[in-house]
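Participant: Please see the structure below; I have some questions.
The values are calculated or read from the model by the stated rules, or taken from the named source; none is laboratory data. Small disclaimer: the values here were computed from a predicted structure and weren't measured. Here the Cβ positions follow ideal geometry from the backbone for every residue, glycine too, while neighbour counts run over all protein chains shown.
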Amino acid sequence: MTNPRLMSEPEPASPESSTLKLLSIVITGRDDDYMLDFKYRITTTINYIARNLKRLERLDDVEILVTDWGSEVPLAHTLSLSPEAGRICRFVYVPPAVIRAVQNGGNGFHTTLAANAGLRRASGKFLMVSAADILIPQHSLEAVLKLLGGELHVPIDVDHTYFLLSRYHVPWQFVQRQPRLDDWDRYLLLHASQHEREEAAVFSISSAAGALMMHRSLWRELGGLDERLGGVGFNDIELGLRVTQRYPWVELSSIGISLFHMEHTCHGRRASITKQERNPRIYTPVFQVNDASWGLDSYEFETQMSQSIRVSGELAESLRSESQGGELWDQSRQEILAELTSKEVRDHVRRIIQLLLIRDKGGWNIIGSGDMDSLFFLSWYSQYHYPRRYLEFGVRQGHAAAVVAAACPSVEIYGVDRWEGALERHTPIDVAFLLKRVARQAYVHFINGHISTALQRLQHNFVGSFFFDLVLVRCDLLGTEVVKQVSDLLPHLAAGGALVLTCRSVQGFASEWEEIRKRFPQFTYLKCRNNGTGLVLAASLRDDKSKDTANEGCSFDTSWIWLSYVKCQSIRLYFALKSRFLRWLMAL
């Protein structure tokens with residue numbers, strides 16, 4: 001059965017053509033609710049690759065081929081691509097009627113058929129299969145093209161080698177904000193060294209690789225991926241077992257090539273689908289498992305070019321503006337209070353406090369320092385609004401930063417304090433190790449020295465535009481300069497950002513709080529009933545006509561603190577007695 005060919009663009013070059021692209025990058029997708037932000041992910045992936053190719057002046061060497069698996073409205077019509085992406089990206093549209101025909105009336109996403117359809121129609125000398133949410137940095141693209149073009153000396157025959165490209169996972173909290181391309185550059189520059197690489201191969205068996213790549217002749221010889229495996233997972237492992245019976249495999253992180261995967265959230269249908277549609281583990285001793293029509297070769301599909309080209313200024317770059325100003329939240333004050341006092345917020349604070357009580361003999365000082373209310377504010381904002389950058393004045397104990405980092409692993413942490421002389425406890429090293437324990441991906445930058453000049457020094461050596469989503473200011477650390485420092489900070493608070501102010505002195509807090517409210521009346525203010533901690537929110541709330549909170553306040557349930565203290569001290573005592581008993585036994 002064949003469909004009439006409806007071609008809006010010329011046929012891709014044949015394998016025999018001398019005008020083959022050096023590399024085809026094959027990705028697949030369909031516009032449905034499998035992932036709620038799928039169009040952002042695939043658009044960002046395509047535009048990011050194309051922009052990096054433009055910077056390398058290698059646009060003519062690469063094509064991006066997208067298999068559109070039956071979108072109701074074709075992806076070529078709905079994705080907003082840059083001019084350079086529109087130039088190199090083609091869409092192979094597989095209509096729903098064909099999908100039903102090859103799946104016995106089903107309409108599911110057949111991962112292998114979709115990938116093979118792209119591989120069969122790609123025009124590159126080398127073919128790479130990747131996902132729709134995999135970013136390839138500029139330096140990695142450059143290394144790949146040099147490798148395939150023979151510009152890198154390697155002791156292998158690249159035309160007869162199976163290549164794996166490993167990936168790093170970017171926390172979904174960062175992806176949730178739908179960052180711009182330049183924001184991705186900044187994030188990967190600062191954070192990539194903190195990420196752990198996911199193993200892309202185990203004894204030649206590919207697993208969870210960011211991409212698979214071979215010469216087109218090898219893909220043809222293999223007959224593509226095993227088309228019996230239409231669900232999720234294992235098709236790359238099965239391919240690796242087959243190809244490595246004849247050809248060597250190489251994982252390309254050895255020459256500095258790495259990819260970055262946008263981690264998934266639990267939203268949309270992905271979580272349930274991936275559990276239900278796992279591929280069986282089929283081991284086949286033969287080299288080629290599909291018939292000659294693999295990749296739906298008996299069908300002729302419409303090849304589309306993008307119908308939605310946007311210049312850079314028109315691209316939908318970010319959900320949140322970096323500029324300071326009031327952002328309208330579709331929430332009421334009561335809804336925010338309900339979130340602040342929720343079980344999720346309380347349990348998160350409890351986990352960090354218990355960790356510190358077990359780890360640090362001085363952990364009890366955290367609970368007695370008046371910081372507890374501020375921890376609830378930080379926990380709430382980090383879990384519900386995913387801060388990109390967090391600034392803390394008085395970071396030496398690390399508990400507040402740990403609350404933020406554990407809830408939002410992608411956050412950048414800027415800690416201001418004054419360390420001087422020989423220190424045994426609460427050193428920058430102690431804080432760094434604590435933060436790495438709760439969030440390995442976090443980027444940490446400490447500012448030491450005189451507190452009054454810390455903000456100016458940080459701004460001077462800051463990477464990129466200077467703004468913060470979340471700030472904690474301890475009035476006691478700043479002394480008489482609280483209002484001045486906060487006044488200098490608030491213009492750098494991102495739209496929708498939050499500043500938490502806490503003070504041991506109720507009277508001191510009240511005077512400083514009122515002065516800040518007078519200077520910045522455009523913000524929303526919320527304080528605790530103990531009159532020692534407050535939240536300044538760079539947002540306007542729904543139906544919140546008055547920002548006066550003089551008669552309002554929130555309180556947090558801290559009844560669990562003493563129980564946690566007793567529990568943690570008991571654990572410490574148990575291990576201490578156990579250690580002494582073992583030493584006594586060894587001394588006998």
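Participant: Pick out the one residue from Asn107, Asn116 that is in contact (Cβ under 8 Å) with a residue 12 or more places away in the chain, more than 21 Å from Asn47 (Cβ to Cβ) and in contact with a Pro (Cβ under 7 Å, 6 or more places away or on another chain).
Facilitator: One residue alone meets the criteria, Asn107.
Participant: While we're on this one: Picking from Gly105, Gly118, Gly124, which residue would you name as being of a type in the set (Gly, Ala, Ser) and in contact with a helix residue (DSSP H, G or I) (Cβ under 7 Å, 6 or more places away or on another chain)?
Facilitator: Gly124
Participant: Within the range 158-173, track down each residue that is in a helix (DSSP H, G or I) and within 26 Å of Leu252 (Cα to Cα).
Facilitator: Across the range 158-173, the qualifying residues are Val158, Asp159, His160, Trp172.
Participant: Cβ contacts < 8 Å: first residue at pLDDT 90 or above, restricted to the range 331-353; second residue in a helix (DSSP H, G or I) and acidic (Asp, Glu), any location; separation 6+ or different chain. Result?
Facilitator: Partner pairs satisfying both residue conditions: Val345/Glu339.
Participant: Quick one: would you say Ala454 is farther than 20 Å from Leu526 by Cα, assigned to a helix (DSSP H, G or I) and free of Cβ contacts under 8 Å to residues at least 24 places away in the same chain?
Facilitator: Criteria not met by Ala454.
Participant: Taking the residues in the range 293-330 that are modelled with pLDDT of 90 or more and of a type in the set (Asp, Glu) as candidates, determine which candidate is nearest to Leu119 (Cα to Cα).
Facilitator: It comes out as Asp297.
Participant: Please go through the range 114-152 and pick out each residue that is among the β-branched types (Val, Ile, Thr) and in contact with a His (Cβ under 7 Å, 6 or more places away or on another chain).
Facilitator: Ile134
Participant: So is Phe467 within 23 Å of the chain's Cα centre (by Cα), in the same structural domain as Gly532 (by TED's automatic domain parsing) and closer than 28 Å to Phe509 by Cβ or not?
Facilitator: Yes.
Participant: Taking the stated definitions as given, is Arg216 in contact with a strand residue (DSSP E or B) (Cβ under 6 Å, 6 or more places away or on another chain) and at pLDDT 95 or above?
Facilitator: When the stated conditions are applied, Arg216 passes them.
Participant: Return the residue satisfying two criteria in turn: it lies in the range 206-230 and is under 25 Å from the mean Cα position of the chain (by Cα) and surrounded by 19 or more Cβ atoms within 10 Å (Cβ to Cβ), and of such residues it is nearest to Ala122 (Cα to Cα).
Facilitator: Met213
Participant: Return the only residue of Val444, Val431 being in a helix (DSSP H, G or I), in contact (Cβ under 8 Å) with a residue 12 or more places away in the chain, under 24 Å from Ser410 (Cα atoms) and not assigned by TED's automatic domain parsing to the domain that holds Leu189.
Facilitator: It is Val431.
Participant: Please verify whether Leu423 is surrounded by fewer than 16 Cβ atoms within 10 Å (Cβ to Cβ), among the aliphatic types (A, V, I, L, M) and more than 27 Å from Glu514 (Cβ to Cβ), treating the condition exactly as stated.
Facilitator: yes
Participant: So, one more: May I ask you to list the residues in the range 174-188 that are of a type outside the set (A, V, I, L, M) and in a helix (DSSP H, G or I)?
Facilitator: Phe174, Gln176, Asp182, Asp183, Trp184, Asp185, Arg186, Tyr187
Participant: Sticking with this one: I'd like to check something: does the range 72-91 contain any residue that is in contact with a Gly (Cβ under 9 Å, 6 or more places away or on another chain) and surrounded by fewer than 24 Cβ atoms within 10 Å (Cβ to Cβ)?
Facilitator: no
Participant: Here's another thing I want to ask about it. State all residues of the range 459-474 that are at negative phi and touching a residue at least 60 places away in the same chain (Cβ under 8 Å); if no residue qualifies, say none.
Facilitator: Listed by number, the residues that qualify are Val463, Ser465, Phe467, Phe468, Asp469, Leu470, Val471, Leu472, Val473, Arg474.
Participant: Further question: Has the range 92-109 got at least one residue that is crowded, with 24+ Cβ neighbours inside 10 Å and not in a helix (DSSP H, G or I)?
Facilitator: yes
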